[in-house]
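The values are calculated or read from the model by the stated rules, or taken from the named source; none is laboratory data. For clarity, every value in this text was computed on a predicted model and none was experimentally measured. When we count neighbours, we look across all protein chains shown, and the Cβ atoms used for this are built from the backbone with ideal geometry, even at glycine.
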């Protein structure tokens, strides 16, 4: 949906603090999110969730860096990093996982490649059903 | 065969010399053609219809961004190629297409480097560069029937939807939305920017507001906006922004 750098647009999608996004927020380029997102976030590149961000969405991306608050499952194909002060309520799967001192993770963690594939499938299915994390949707 | 659409303001005496120089240069370059002048009772659409019947293959807008936009709307979707000679004030559209002002633009016309570009469409109006909305109320952009983007109600918000601008490309099949929103933090106002790209959308607000298209035309909100890929053949300069 979002264009790549080769096609002309700089490619980075930016959601500033205070801006609300609702729905299926998909892209091919990098994303920087400081606002509020409800639904699904999906890209093959990096997603950066800023300090002021408030996310109620499943995240599926190449790499994910979290500094804010995420309520939802996260699947990173390569790397997931939770920086100090971040808070994740949901299951996570990634090839490489970095959790800094002061970060909070409440959920299951899986680092096997098959688990990443399964989580990706679950994320897509869960989001189609209710645009909510699967875990939250079943509550 | 060329057809020139002159802006209404070019009949003013102060532009007489500039027009004479341009016409002389066009004759030297063997690019002369018929001339139509815009006026209250003469639209570019009618002129273009007649020009097509007369076997014209290139329509040149001579004038300001208003003339260019009117000509774009008249020839979009036809087989005609469009040229531009900016006269009567700085033209943002011409600058982004790498076309210099006045007589110098005739060299670009003669070189005839043609690109096929996308056009944005807001309501029923085509635009080549951008459309802007400045509003002091919440504004929502629905994108591709997939998600909505809601700018905060605090302070004023500027929503710019661009097809061609610095950093955007008018051949990629997407529109880029830039949202400049402000957030109050104690006594200072923090300006923040959001950027997304999309193909079709809807701009919604509860307040009475207008979108300013190409800094020229106004379109009332709410309205639809979309990208129409590869719909205009246009002559460009080498210093173009894409």
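Considering only strands (runs of 3 or more DSSP E) fully contained in region B:97-180, which possess at least 1 residues that are within 14 Å of chain A (Cβ to nearest Cβ) and without any contact (Cβ under 8 Å) to a residue 24 or more places away in the chain?
B:147-151
What are the residues in region A:28-48 that are crowded, with 20+ Cβ neighbours inside 10 Å and more than 15 Å from residue A:90 (Cα to Cα), if any?
Within region A:28-48, A:29, A:30, A:31, A:33, A:34, A:35, A:36, A:37, A:42, A:43, A:47, A:48 qualify.
How many residues are within 22 Å of residue B:110 (Cα to Cα) and either in a loop (DSSP other than H, G, I, E, B) or more than 23 Å from the chain's Cα centre (by Cα) (or both) when one looks only at region B:23-56?
Result for region B:23-56: 15.
Can you confirm whether residue A:104 is under 23 Å from residue A:19 (Cα atoms) and modelled with pLDDT of 95 or more?
Judged against the criteria, residue A:104 is not a match.
Residue B:229 is checked against (1) in a loop (DSSP other than H, G, I, E, B); (2) under 30 Å from residue B:107 (Cβ atoms); (3) within 14 Å of chain A (Cβ to nearest Cβ); (4) in contact (Cβ under 8 Å) with a residue 40 or more places away in the chain and fails just one. What number does that condition carry?
Single failed check for residue B:229: (1).
Can residue A:22 be described as modelled with pLDDT of 95 or more and within 14 Å of another protein chain (Cβ to nearest Cβ)?
yes
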